[in-house]
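The values are calculated or read from the model by the stated rules, or taken from the named source; none is laboratory data. These numbers were taken from a predicted model, which means no experiment stands behind them. Virtual Cβ from ideal backbone geometry, glycine too; neighbours counted across all protein chains shown.
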Ligand code: SF4
């Protein structure tokens, strides 16, 4: 069977920098290829770099790809903040294609029945991990017998079966990166490594999380607990990736790379033994309470230059309110340890907690100035369907509203639980947060990159600024 997988399009004003690879889709593609299917990926995100920013052009290219490739099955990846893009894609695709079409991913897992009702062009949706369900559908199995599938019956009713987890992650072939636009994803950039100007690829060596923070959708898609690829699998994949793509960095975006300390240490030792520590820089995400001096020393020796921590807040009441399961002191200690051991530490923060006011924002910024992580970023709290926070805060946006771009973008830009308005927050951020963030980032970039590395970045920045100035001038003269 010919299977086409589609990755959604987030609207950008400028060509986006490369970021994490869509590994979920690449794992799916590899699994289907392994079962003998012909697979293609249309990545609407990276298409912005090759086709242009206009959605109409990307849509036209997608439809012409469908006409040319003539798939027997189309699978669309869904995420809630971009569900409007899936809605539009399904409607467009149905104008030129009458074969099987399903959607999978976080959004369908959270709202399977509603997604099927709202998107009449879909035959079914897949919940949880997609590999086995999609392969069974591609093999022509009756959808009603495939685990993890909601299917539309002829009379408009739905059939559904429970999802099953993949027990042995090593049974999965390495992701089919050859189907992605790797020229784009391996462009040099400073986004993935938080200021390090590197070409890089991302890897994922585990699935799931043992925690259940109120705002997080991880356990919804991946079920209970964490499953790991073996150290052998990770090393073989790493060596293959580095052989196929001449990159300077590898970013492991596991939720918590250190969750199994013994396994993490084995990976470090194997990297050291293979000499890869001299060839690449690498980075990880980890929870603060797992960070200790011994592991940090080993991480550093084996080439790890960056650890990202989901600090979320410097207020214990906020951490507790979303069941983060960590203390402010543990976050402070982890940041101090990383600094002492010479590993860059990036702190991810959330703003917009329930009842959060301006004084809370001031306290958070003060904490960052005192604690001094190498870099940091604040993200507004996003309330995803299927999470405990969604249910607690009313849990009805997707049920009550149309899934249009305007509605969804408005929902994810406002904060449904904080007590300050969007305008107040933006104003405060502009005055206090942004100037500090910019200063900090510039200093970090200068500190971690040799001057020659910075040259293309400086040229790009000058071009962008000149472009903006020119545009402003044109607008003024008009
Ligand atoms: S936010 Fe991080 S620690 Fe919490 S449940 Fe999600 S992945 Fe796990």
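Among the residues making up the stretch 11-61, those that are in a helix (DSSP H, G or I) and without any contact (Cβ under 8 Å) to a residue 24 or more places away in the chain are 56, 57, 60, 61. Based on this model, can you work out whether residue 227 counts as within 24 Å of residue 6 (Cβ to Cβ), in contact with a helix residue (DSSP H, G or I) (Cβ under 8 Å, 6 or more places away or on another chain) and modelled with pLDDT of 95 or more? Judged against the criteria, residue 227 is not a match. Taking every residue in the stretch 425-442 that is on the phi > 0 side of the Ramachandran plot and pairing it with any residue that is modelled with pLDDT of 95 or more and part of a helix (DSSP H, G or I), at least 6 positions away or on another chain, yields no pair with a Cβ-Cβ distance below 8 Å.
Please list, ordered by residue number, the strands (runs of 3 or more DSSP E) wholly in the stretch 204-252 having 3 or more residues that are within 12 Å of the ligand (Cβ to nearest atom).
Filter on the stretch 204-252 gives 206-209.
Residues in the stretch 245-256 that are in contact with a helix residue (DSSP H, G or I) (Cβ under 9 Å, 6 or more places away or on another chain) and more than 16 Å from residue 23 (Cα to Cα): 247, 256.
For the stretch 317-337, give me the residue count where each residue is within 16 Å of the ligand (Cβ to nearest atom) and either part of a helix (DSSP H, G or I) or free of Cβ contacts under 8 Å to residues at least 40 places away in the same chain (or both).
Here the count works out to 10.
Scan the stretch 287-315 for residues that are closer than 14 Å to residue 351 by Cα and within 16 Å of the ligand (Cβ to nearest atom) and jot them down. Within the stretch 287-315, 310, 311, 312, 313 qualify.
Considering the stretch 338-376, the residues that are touching a residue at least 40 places away in the same chain (Cβ under 8 Å) and in a strand (DSSP E or B) include one that is farthest from residue 410 (Cα to Cα), namely 344. Checking each residue in the stretch 62-89 for being under 21 Å from residue 221 (Cα atoms) and not in a strand (DSSP E or B) picks out 79, 80, 81, 82, 83, 84, 85, 86, 87.
Of the set (1) part of a strand (DSSP E or B); (2) without any contact (Cβ under 8 Å) to a residue 40 or more places away in the chain, all apply to residue 92 but (1). Filter the stretch 253-265 for residues that are modelled with pLDDT under 95 and more than 11 Å from the ligand (Cβ to nearest atom) and give the result. Correct list: empty. Only one entry of 409, 414, 464, 392 meets the criterion of being at pLDDT below 85 and closer than 30 Å to residue 113 by Cβ, and that entry is 414.
Among the residues of the stretch 137-168, those that are touching a strand residue (DSSP E or B) at 6+ places or on another chain (Cβ under 9 Å) and closer than 15 Å to residue 32 by Cα comprise 137, 138, 166. Can you find a residue in the stretch 342-350 that is closer than 28 Å to residue 250 by Cα and exposed (fewer than 15 other Cβ atoms within 10 Å of the Cβ)? Yes, there is a match, as at least one residue in the stretch 342-350 is closer than 28 Å to residue 250 by Cα and exposed (fewer than 15 other Cβ atoms within 10 Å of the Cβ). Of all residues in the stretch 111-140, those satisfying the criterion of being touching a helix residue (DSSP H, G or I) at 6+ places or on another chain (Cβ under 9 Å), assigned to a loop (DSSP other than H, G, I, E, B) and surrounded by 13 or more Cβ atoms within 10 Å (Cβ to Cβ) are 111, 119, 121, 122, 123, 127, 128, 129, 130.
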